[in-house]
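Engineer: Sharing a structure with you now.
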């Protein structure tokens, strides 16, 4: 293994996840372009659900790959406070990448709706409960909004490291 970069599966899963997250956010941001109850709006919501669950699946795979490989070192080594802050942001991102899709699955379950996943129908996680569905929706929205900030911080940190500090932080995640 090249110790200066993450493994190819880890890198590929990272960038595929980035693309999926962009699509997940776009489907929700642009759904309001369509009238409530319209087939187009319903399609946007269904695609949102399936992409979100795909993010969950890829994140689990990514965590599995990362747990079995050493992290490539950042050169030159950043200050301890930066390392700790980066670890905290990464943890928060992983919580969102797992938590948001699970909350979406719980919302659909609590609403008594079908949970679509690329031609499959996933089982409900809980029994229908409209009150609980509303609480899950509120939390889902709050965390999704926080996701914008975390994603921005993550991207800005990578750009900062690459262009200002000129270390190998971003290069470790380069496809080739």
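Engineer: By how many degrees, between 0 and 90 and to the nearest 10, does the Cα long axis of helix 39-67 differ from the longest principal axis of the chain?
Structural biologist: Relative to the chain, helix 39-67 is tipped by roughly 40 degrees.
Engineer: Work out the FRET efficiency for residue 57 and residue 164 from their Cβ-Cβ distance, taking R0 = 41 Å, and round it to the nearest 0.05. Could the numbers behind the result be given before it?
Structural biologist: Values: r = 35 Å, r/R0 = 0.86.
Rounded to the nearest 0.05, the efficiency is 0.70.
Engineer: Just subtract the alpha-carbon distance of residue 98 and residue 80 from 0.36 nm times their residue separation and send over the number in nm, one decimal. Write out the running numbers ahead of the final one.
Structural biologist: Working: separation 18, 0.36 × 18 = 6.48 nm, distance 2.70 nm.
Stretched out fully, the residue 98 to residue 80 stretch lengthens by 3.8 nm.
Engineer: Sorted from fewest to most neighbouring beta carbons within 10 Å, what does the list 49, 25 look like?
Structural biologist: Working: 49 22, 25 16.
Fewest to most other Cβ atoms nearby, the residues stand as 25, 49.
Engineer: OK, next. Can you give me the angle between helix 130-160 and the longest principal axis of the chain, using Cα atoms only, in degrees from 0 to 90, rounded to the nearest 10?
Structural biologist: Taking the Cα atoms of the chain, the angle to 130-160 is about 20 degrees.
Engineer: Turning to a different aspect of this structure: Quick check on the range 99-176: take the gyration tensor over C-alpha atoms, sort the square-rooted eigenvalues as a ≥ b ≥ c, and tell me if it's rounded (a/c under 1.5), prolate or oblate.
Structural biologist: Details: a/c = 5.80, a/b = 2.33, b/c = 2.49.
Here the range 99-176 falls in the oblate category.
Engineer: Name the shape class, rounded, prolate or oblate, that the alpha-carbon gyration tensor gives for the range 8-173, where a ≥ b ≥ c are the square roots of its eigenvalues, rounded holds for a/c under 1.5, and otherwise prolate holds if a/b is larger than b/c and oblate otherwise. The partial results should precede the final answer.
Structural biologist: Numbers: a/c = 2.21, a/b = 2.02, b/c = 1.09.
Cα axes put the range 8-173 in the prolate bin.
Engineer: Applying 1/(1 + (r/R0)^6) with R0 = 22 Å to the Cβ-Cβ distance of residue 23 and residue 130, what FRET efficiency is obtained, to the nearest 0.05? Kindly include the intermediate steps, with their values, before the conclusion.
Structural biologist: Values: r = 29 Å, r/R0 = 1.30.
For residue 23 and residue 130, the calculated efficiency is 0.15.
Engineer: Next up: With n ≥ 4 as the cut-off for DSSP H runs, can you work out [θ] at 222 nm for the chain, using -39500 (n - 2.57) per run divided by the number of residues, rounded to the nearest 500? Can you show the working numbers first?
Structural biologist: Numbers: 4 runs with 114 residues, N = 176.
Helix-only estimate at 222 nm: -23500 deg cm²/dmol.
Engineer: Work out how much length residue 176 to residue 3 would gain on full extension: take 0.36 nm times their residue separation and subtract the Cα-Cα distance, in nm to one decimal. Write out the running numbers ahead of the final one.
Structural biologist: Numbers: separation 173, 0.36 × 173 = 62.28 nm, distance 1.39 nm.
Net length gain for the segment: 60.9 nm.
Engineer: When a footprinting reagent is the concern and you count Cβ atoms within 10 Å, what order do 71, 94, 6 take, fewest first?
Structural biologist: Values: 71 10, 94 14, 6 23.
Going from sparsest to densest Cβ surroundings: 71, 94, 6.
Engineer: Return one number: the angle in degrees, 0 to 90 and rounded to the nearest 10, between the long axis of the Cα atoms of helix 8-30 and the longest principal axis of the Cα atoms of the chain.
Structural biologist: 40
Engineer: For the chain, with a Gaussian network of springs between Cα atoms less than 10 Å apart, report the residue from 99, 119, 134 with the top mean-square fluctuation.
Structural biologist: 119
Engineer: Does the range 20-66 come out rounded, prolate or oblate, given a ≥ b ≥ c as the square roots of the eigenvalues of its C-alpha gyration tensor, rounded meaning a/c under 1.5 and, failing that, prolate meaning a/b above b/c? Don't skip to the end; give the middle numbers.
Structural biologist: Numbers: a/c = 6.00, a/b = 2.96, b/c = 2.03.
Prolate.
Engineer: What whole number of Å gives the distance from the Cα centroid of the range 1-46 to the Cα centroid of the range 63-99?
Structural biologist: Answer, in whole Å: 21.
No value in this document is a laboratory result; all are computed from the given coordinates. Just so it is clear, the structure is predicted and the values come from calculations on it, not from any experiment. Please note: Cβ atoms are built from the backbone with ideal geometry, for glycine as well, and neighbour counts cover all protein chains shown.
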